[in-house]
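Below is one structure, written out as structure tokens; the observations come after it.
Derivation of every value follows stated rules applied to the coordinates shown; laboratory data play no part. From a predicted model like this one, the values you see are computed outputs, not experimental measurements. Counting neighbours? That spans all protein chains shown, and the Cβs are built from the backbone with ideal geometry, glycine included.
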Amino acid sequence: MLTQKPGIPEIREFTKNSAPLIHCITNPISIHDCANMILAVGARPIMAEHPEEVEEITEVSSALMLNLGNITDARIISMQRALSTANRKNIPVLLDLVGVTCSQLRRSFAKQLLSQGVFSVIKGNISEILAAAELPYHGTGIDAGKEDAMKLRVGIHGAEPWTEEMRKKIQDILHIECFDIYGLCEITGPGVAMDCRQHKGLHINHDFFYPEILDPITHEPMDDGELGELVFTTLEKEGMPLLRYRTKDLTSIDYSTCECGRTLPRISKFKGRTDDMKVIRGVNVFPTQVETVLLSMGGDISNHYQMIVDRENNADRLTVMVEVCDSVFSDEIGKLDALKQKVAAGLKQALGISVEVKLVEPKTIQRSEGKAKRVIDNRNLV
């Protein structure tokens, strides 16, 4: 049993030893993320929402999570039944007020749940909390309204590379202090490393992750301060430990004591990757994915293409230039537009992001000796 006021180590140890069953009634968009995060901390997820089984499953669960992101008649019934069962069995319940500002239906259902049962945690942005409390709010969709915004002091930013110029711009606009955080889905997600108030490198949580900087070609260790590939060995992961995992991220490491007083090793901002993968709007994009789509389009599309990545107004934009055969390019505009839309739809499905497609004449894209230059990145991230 946990103590009345357990700390993070006690909660972590308890979860690892007891492997609690967590019953989630959530929306289809987040169902995989929820399950994977629950597994990552040592618990067991069950994503059950049929009205005829939720009471039985909630009874044997250690916690219940209700998410209003995609409510249906069946989910409404299931949430009501699961909540009643959880309260009767003294099982903790989390209510996520996703999109409660979107419609009267969501607000009414949230009000009904809040009146019906007891919740251990109620999650939402400031506008969603205000709406659930029947107070004036200004949010639209799942976003909080600016008028409802709290007085932020700190921002923790990750997922995509960003420059010092970007940090300064965010700080100037929002009047907050911005921190950089680094993580890998393969290891534990965010939290592998983070910078301090000195902003002179990201401190690696050395008690959980052992870092090395290796030459990406020879795999020989690099000296402190020299650029190389970051390699991690996990020290605490038991279910799926990783030994000398190659991140393909290029950085350097500094073992000297930071001005903040911490002795944890620091890695510099990343200078790129060892492969040709590009992170575009938080999504890993490989040229091979583009090539696969283009090759599936038939004889109208050639195998010559080029990806151009730009950044406009702090947002990434991917343009794919594709050569088409002579007969198609000289054909009527309507057919070209249809082919362009077909290629764009195929790329969006494969990559998970929207792509601007430009069809060009044969031999427009510059040929190169040896390996083709498939990607041009104009974002100046280093």
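How high is the relative contact order of the chain, in percent, with contacts defined as C-alpha pairs under 8 Å that are six or more residues apart?
Values: 669 pairs, mean separation 29.6, N = 382.
Contact order relative to length: 8 percent.
Our summary gives the range 1-88 a relative contact order of 32 percent, counting only alpha carbon pairs under 8 angstrom and 6 or more residues apart.
Residues considered: S62, S115, S302. Largest GNM mean-square fluctuation over the chain, using C-alpha springs under 10 Å, is found at S115. Among K335, K16, K111, the residue with the largest mean-square fluctuation in a Gaussian network model of the chain, with springs joining Cα atoms closer than 10 Å, is K335. Straight-distance candidates among the lysines for linking to K200, with alpha-carbon spacing under 24 Å and chain neighbours fewer than 8 residues away dropped: K168, K169, K248, K269, K271.
Computed as a quarter of the hull surface, the mean projected area of the alpha carbon convex hull for the chain stands at 24.8 nm². Between A43, A74, A35, the residue with the greatest mean-square fluctuation in the GNM of the chain (Cα pairs under 10 Å linked by springs) is A74. Each of S103, S30, S127 has some number of other Cβ atoms within 10 Å of its Cβ, and from fewest to most they run S103, S30, S127. Approximating the spin labels as points 7 Å out from Cα along Cα→Cβ, the S296-to-L94 distance works out to 3.5 nm.
What does the helix-only formula give at 222 nm for the chain: each DSSP H stretch with n ≥ 4 adding -39500 (n - 2.57), the total divided by the residues, and the result rounded to the nearest 500 deg cm²/dmol?
Details: 10 runs with 106 residues, N = 382.
It lands at -8500 deg cm²/dmol.
Neighbours of I156, meaning other residues whose beta-carbon lies under 11 angstrom from its beta-carbon, give a summed charge of -3 when Lys and Arg score +1 and Asp and Glu score -1. Share of pairwise Cα-Cα distances greater than 16 Å in the range 183-272 is 51 percent (whole percent).
So which trypsin sites (Lys or Arg not before Pro) in the range 228-315 end up in coil per DSSP with only 11 or fewer other C-beta atoms within 10 Å? Here the trypsin sites (Lys or Arg not before Pro) that fit, given the DSSP loop and packing criteria, are R244.
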